[in-house]
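Here, each number is a calculation from the coordinates, and none is a lab measurement. Quantities reported herein were computed from a predicted structural model and do not represent experimental measurements. Quick reminder, even Gly has a Cβ in these numbers, built from the backbone with ideal geometry, and neighbours come from all protein chains shown.
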Amino acid sequence: AQRVTQPEKPLSVFKGAPVELKCNYSYSGSPELFWYVQYSRQRLQLLLRHISRESIKGFTADLNKGETSFHLKKPFAQEEDSAMYYCALSGRGGGTSYGKLTFGQGTILTVHP
Amino acid sequence: DTEVTQTPKHLVMGMTNKKSLKCEQHMGHRAMYWYKQKAKKPPELMFVYSYEKLSINESVPSRFSPECPNSSLLNLHLHALQPEDSALYLCASSQDQGPSYEQYFGPGTRLTVT
């Protein structure tokens, strides 16, 4: 079974402050981890994935297999970062779960001016 | 065209009605998905189609019937729904089915069952 855990408590920071959105996962094999974001009145969209090791909009996320975590970080938050952030896992296992995307509960981030 | 489109945007139906949701993409993607999202909850996978064949059915009740007439189109036929089926129904597509492929989401159809 694959599972993703995110704190449900909303996160509030001030502009320019660092932000870290936490994500832990449970999966017996080697997972693919993603961060999806949903801005107000916009569709759900991919922010970044662990395999590409990119920095998107100043966000980075490192897969820590020892701690089974994939936390999202940004050193200086901006007001336009306010959104719902979902951590998601896709398993490499075969059968009926192949390519199945499982989302965490999501964390709302609010960046105050 | 790099978007997934969904129609209608809103749908209100009674428990005895039959209606359909439509999803379309013209990105040449061969995998298409239906998700259900309740308020303040994450999307939950319902069905996956790969190369126009049903690949995953997450034990969804038979009152939801998916159909993939061609590689660009995905339908969800609804019949005898219950009020608890009211939710946002999201369609997504990806280049192929598999863990490495980004899923592109549509804006959703907000369904209300009365």
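Worth a mention:
- Alpha-carbon spread of chain B, three principal axes, descending order, Å: 38, 23, 23
- Of the residues A:Thr110, A:Ser90, A:Gln78, the one whose Cα sits farthest towards the positive end of the charge dipole of chain A is A:Ser90 (charges of +1 on Lys and Arg Cβ, -1 on Asp and Glu Cβ, taken about the Cα centre).
- Rounded to the nearest 20 debye, the dipole magnitude of segment A:1-51 is 180 debye, with +1 charges on Lys and Arg beta carbons, -1 on Asp and Glu beta carbons, and the Cα centre as origin.
- Residue order, fewest to most beta carbons within 10 Å, for B:Leu45, A:Leu21: B:Leu45, A:Leu21
- Where only alpha carbons of the protein assembly as shown are counted, the Rg and the Dmax (Å): 17.7, 53
- For segment B:1-98, the dipole from Cβ point charges (+1 on Lys and Arg, -1 on Asp and Glu) about the Cα centre works out to 340 debye, to the nearest 20.
- Trypsin sites (Lys or Arg not before Pro) restricted to segment A:51-113 and DSSP loop, no more than 14 other C-beta within 10 Å: A:Arg53, A:Lys57, A:Lys65
- In plain terms, the chain from A:Glu79 to A:Ser55 could stretch by 6.8 nm, reckoned as 0.36 nm per residue minus the Cα-Cα distance.
- Here the calculated FRET efficiency for A:Thr68 and A:His112, from their Cβ-Cβ distance with R0 = 30 Å, stands at 0.45, rounded to the nearest 0.05.
- Cα-based Rg / Dmax (Å) for segment B:1-41: 13.1, 36
- Normalised contact order of chain A, rounded percent, pairs of Cα under 8 Å and 6 or more residues apart: 39
- Summarising the label geometry, the points placed 7 Å from Cα in the beta-carbon direction at A:Lys15 and B:Ser62 lie 5.8 nm from one another.
- Ranked by the mean number of other Cβ atoms within 10 Å per residue, highest first, peptides B:51-63, A:74-86 order as A:74-86, B:51-63.
- The slack in the chain from B:Ser100 to B:Lys53, taken as 0.36 nm per residue of separation less the alpha-carbon distance, amounts to 14.9 nm.
- Summarised in one figure, the compactness ratio Rg/Rh of chain A, Cα atoms and Kirkwood Rh, is 0.97.
- For segment A:51-113: span of alpha carbons on each principal axis (Å, largest first): 48, 21, 20
- Length-normalised contact order for segment B:2-114 - Cα pairs under 8 Å, 6+ apart - percent: 37
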